[in-house]
Amino acid sequence: MRLLKNRLFIFIFLGLILRLSLIFLDFSFDVNNHMAWGKDMWLRGLSNFYDLRSSEVYASAYPNYPPLANYLFFACYLLRLVIFKLAWWLNIAFPIFPSKLILFIDSRVFEAACFKLPAILADLGIAGVVYLFAKKLAPKNNWAKKLAVLSVLFHPTFFYNSAYWGQIDAIPLFFVLVASYLLLFSSRYFTSAMFFIAAILVKPTALVFVLPYSVYFLWKFGWIKSVRAFLLAQAVFILSFLPYISNQNVIFYPYIAYLKKIMEAQSLAYITNNAFNFWMIVAPPANIKDLVISPLGISYKAIGYILFGIVGALAIHYMLIAKDKITVFIFANFFVAYGAVIFLTRMHERYWLLCLPFLLLFTLQNRHLWKWWIIISFISFLNLYHGWSVPRIEPLVFVLVNRYFVLLVSIVNTSIFIYLFVQYLMENWRPKVSDRLFFN
C-alpha cells in the first residue's frame, strides 16, 4: 500500500509537469474573458458586476460566470500581480536578475498561464478523488487503482482542456466528484452538499448531476437532513452573490442573476455548439437557433429538455430499485451527463469531460466496459480538437472539417449512447439475465 501511495504521488507529479509544460504554448479565447473579469473586479469592485460591460473589447460584453468562478479569476489576477511586483523588485534590487524575464511576466501568455492554474489543480484533484473511489470500489485491485489515476492524469481530453485551452470545466467536475464520494461513503451530508453547491457556483454544467445527487441524498439521509442541507446550500448560494448586489432584492437577485445573467448568457443559442451529438445529425452543420419551432410544433430546446428528462427519469427510477445503489448511482451520473451532451441544446465539445470520470469509475468493476471508455474518450478528444485545432495538424483538420465525417461521428456517438442506455435499462428491468454487459 505504501508503494502504491508513493507511485500515486509520482503519477500526480508527472501529470503536473505535463500540464505545466503546456500552459505557455497557447490559450483559447475564453481565457481573455477570465483575465478581463479578474482585472475588472480588481479595478471596479463587485457591485453591479453583472450589469457592467467588460473593460476589454475582445471579452464577452458582460460577465456571465457564477460568483465562485469570478473569485477564482480574481485570485489568479492577484497572483499574477504579486509575481510581477516581486519580479520587478528583484530586477531593481539585484542587477544579475534577467530583465527580459520582466517582459515575459508582463505578457498576455504569462497572465493566461496564471489563469489556467485552478483547472490544472482540479485535474490533479479529480485524479486523487478517482483513486479514493477506486479504493472503495476495487479495494484489492491495485492495478485498477493505478490505471484509474493514470486514465485521468494522462487523458488528452483532460490536460488539453485545462492546461492548453485554459477552460475551467474540470473545477465543477472535481467538486461534484468530491460531493458524490462524501455522499456515498460517509455521513458528512453538510460537507457533501457544500461541495455540490460549490460546483454550481463555478459553472452551470454541474446542474446536470442535480437529479441523481438529490434523489440519492434524500434516499440515504431522509427528509429532515435533506431539508437542512438544502437550506444551508441556498444560504451559501445567496451569500456568494451578496458582494454583487447594489440595490437589488437580496433574496431574489441571486436566482434571477444566475438564470438570466449566467445560464442564458453563457452559450450561443444554437441547437449545438460544436458537440458531436444528436443535433448534428438532425441539422448539420447545426446552425439553427434552439428557440426556433421544430416540425413537431415545439422548439428544439424543448425537445432537448424532453429527451434529457426521459433519460434522467429512467436512470433515476432504476437507481432506486437497484440493490447495489452505489454502483448504479455512478452509472446514473454517467448517463445523465452523457445524455445531456447528446440531447440538450447549446452543448459544447468540452462537456464530454463531464461523463468520463463516472464511466471510468464503473469500468473498475467491469472490464467489459473498457472498450467503451476508450471509444468515448477518443471521440471526446476528436471533438475537442475539432473545436479548437491547435496545434494545427493539416491532415487531421482536413478530415475533421468534413461535414460527412462530423455527421458519421455524431451518428456513432448517439448510437453508442442509445445502445449503452438500452442495455442499462434491460439489465435492471430483467435482473436475472445471466449474460450481462454491465452488472455481471
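The values are calculated or read from the model by the stated rules, or taken from the named source; none is laboratory data. Here the structure is a predicted model, which is why all the values come from computation and not from measurement. Cβ sites come from the backbone with ideal geometry, for glycine too, and all protein chains shown count toward neighbours.
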Filter region 227-249 for residues that are modelled with pLDDT of 95 or more and among the small types (G, A, S); the one that is surrounded by the most Cβ atoms within 10 Å (Cβ to Cβ) is A229
Hits in region 285-322 - residues which are touching a residue at least 24 places away in the same chain (Cβ under 8 Å) and within 23 Å of S180 (Cβ to Cβ): F308, V311, G312, L314, A315, I316, Y318, M319, L320, I321, A322
Give me the residue from region 348-366 that is of a type in the set (A, V, I, L, M) and closer than 22 Å to Q266 by Cβ and, out of that set, surrounded by the fewest Cβ atoms within 10 Å (Cβ to Cβ). L356
Give me a count of the residues in region 114-144 that are under 20 Å from S180 (Cα atoms) and not small (G, A, S). 13
Exactly one of V412, V406, V397 is of a type in the set (A, V, I, L, M, F, W, C), more than 27 Å from Y131 (Cα to Cα), at pLDDT 95 or above and part of a helix (DSSP H, G or I), and that residue is V412
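So if I check each of I306, I271, which one is over 23 Å from I379 (Cβ atoms), aliphatic (A, V, I, L, M) and either touching a helix residue (DSSP H, G or I) at 6+ places or on another chain (Cβ under 8 Å) or surrounded by fewer than 17 Cβ atoms within 10 Å (Cβ to Cβ) (or both)? Talk me through it step by step, then tell me what you get.
Details: I271 fails: over 23 Å from I379 (Cβ atoms).
Among I306, I271, only I306 is over 23 Å from I379 (Cβ atoms), aliphatic (A, V, I, L, M) and either touching a helix residue (DSSP H, G or I) at 6+ places or on another chain (Cβ under 8 Å) or surrounded by fewer than 17 Cβ atoms within 10 Å (Cβ to Cβ) (or both).
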Name every residue in region 134-148 that is of a type outside the set (K, R), part of a helix (DSSP H, G or I) and in contact (Cβ under 8 Å) with a residue 24 or more places away in the chain, in order of residue number. A134, L137, N142, A144, A148
Mind listing whichever residues of region 396-428 are of a type outside the set (A, V, I, L, M), more than 14 Å from I375 (Cα to Cα) and in contact with a helix residue (DSSP H, G or I) (Cβ under 8 Å, 6 or more places away or on another chain)? F405, F421, Y424, N428
Filter the helices (runs of 4 or more DSSP H) completely within region 242-361 down to those with at least 3 residues that are of a type outside the set (F, W, Y) and out of contact with any Gly (no Cβ under 9 Å at 6 or more places or on another chain). 278-282, 300-321, 325-343
Residue list for region 42-77, filter: over 17 Å from L239 (Cβ atoms) and assigned to a helix (DSSP H, G or I): W42, L43, R44, D51, F73, A75, C76, Y77
